[in-house]
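First up is the structure itself, then whatever we jot down about it.
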Amino acid sequence: MIVVRPKSKDEFKKIIDDARKSNLLVYISAYPCPECEIFEASLEELNVKTDRIVKVDVPADDWAIEYVLNELNAPGSPSVVLPNGKILDDFDPIELAQKVKAIVEKSV
């Protein structure tokens, strides 16, 4: 899994755009986030190929939170941005991991 931590809104947008162009999933994470830990553990348990996933570790800055909520329209973390721009989220991190596994397996 590629892990990045954007330092500005422009850098965040570029990460999303580059991932979409490369047909990668973008996993929106934050710290602390117990649900994110469960999601990542579930990905590992399910043997998901994480080389198709870019993890964006969202800083606790207002610009970053506003970008996630208002521009990406993601409800928070964990959420996954698909290459087509659709936001995949689920309040159950295990179910979200299962959905991601199905998507990754289809794209291989």
For this session: Among DSSP beta bridges whose residues both lie in region 7-83, state the antiparallel percentage, nearest 5.
Result: 40
Exercise. Using the Kirkwood formula over every pair of different C-alpha atoms, what hydrodynamic radius in Å results for the chain?
Worked result: 13.6
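With an 8 Å cut-off on Cα pairs and a minimum separation of 6 or more residues, tell me the relative contact order of the chain in percent.
36
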Exercise. Mind checking which of 29, 79, 42 has the largest fluctuation in a GNM of the chain, springs on alpha carbons under 10 Å?
Worked result: 42
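Laboratory data are not the source of any read-out in this text; all were calculated from the coordinates shown. Please read these numbers as outputs of a predicted model, since none were measured by experiment.
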